[in-house]
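Trainee: My questions will all concern the structure given below.
Every number here is computed from the coordinates shown, using simple stated rules; none is lab data. What you see is a predicted model, and the numbers here were worked out from it, not measured in a lab. Glycine gets a Cβ as well: all are built from the backbone with ideal geometry, and neighbour counts include every protein chain shown.
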Ligand code: ADP
């Protein structure tokens, strides 16, 4: 039987409960998910690639169906090189749509055998993004409902918040 593998690409700077929700629900549809951390992201990241990977690994708690990797260059080439045919992306508010639509069309033009599938966010995470998490954490606000404990600790380390647990 062919394994259905999806690549879930992104910056994951850092991983949030919104990402984890997409991964968990993606596993209902795919046999395997490869989380692909983008190295060539234009965005300036708070966490290094190695830090982002180790936070994802710790947050996943060793599920054998999920692996974490990084990629450079064209995502569609990476997807094919991993024996996958699907790019999994999450969709939040309307604001995500235009950007995602553009990228999905470009990827389709580049390699038509690779499909992009979108999963709608779950209601509690509709407005949750890594950027908003960094903003709240940077202002010493509470992030425990937004990110797993390991990420909360890492954010506290970056922003110098005293740990009280
Ligand atoms: P990128 O820089 O590629 O957008 P992100 O790490 O911000 O990387 O997001 C990776 C993927 O996860 C994107 O498809 C994004 O829409 C999705 N995602 C992020 N947060 C959520 C959320 N709260 N609910 C659903 N999908 C999300």
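Trainee: Among rounded, prolate and oblate, which fits region 1-136 when a ≥ b ≥ c are the square roots of the eigenvalues of its C-alpha gyration tensor, a/c under 1.5 means rounded, and a/b larger than b/c means prolate?
Mentor: rounded
Trainee: Moving on. Let me have the relative contact order for region 5-126, percent, based on Cα pairs under 8 Å that are six or more residues apart. Don't skip to the answer; put the middle values down first.
Mentor: Details: 169 pairs, mean separation 38.7, N = 122.
Here the relative contact order equals 32 percent.
Trainee: Measuring from a point 7 Å past the Cα of residue 77 along Cα-to-C-beta, which residues in region 1-19 have an amide N at less than 15 Å?
Mentor: Of the residues in region 1-19, none has backbone N under 15 Å from the label point off residue 77.
Trainee: Taking springs between alpha-carbon atoms closer than 10 angstrom, which of 37, 143, 29 fluctuates most in the Gaussian network model of the chain?
Mentor: Looking only at 37, 143, 29, the biggest GNM fluctuation is shown by 29.
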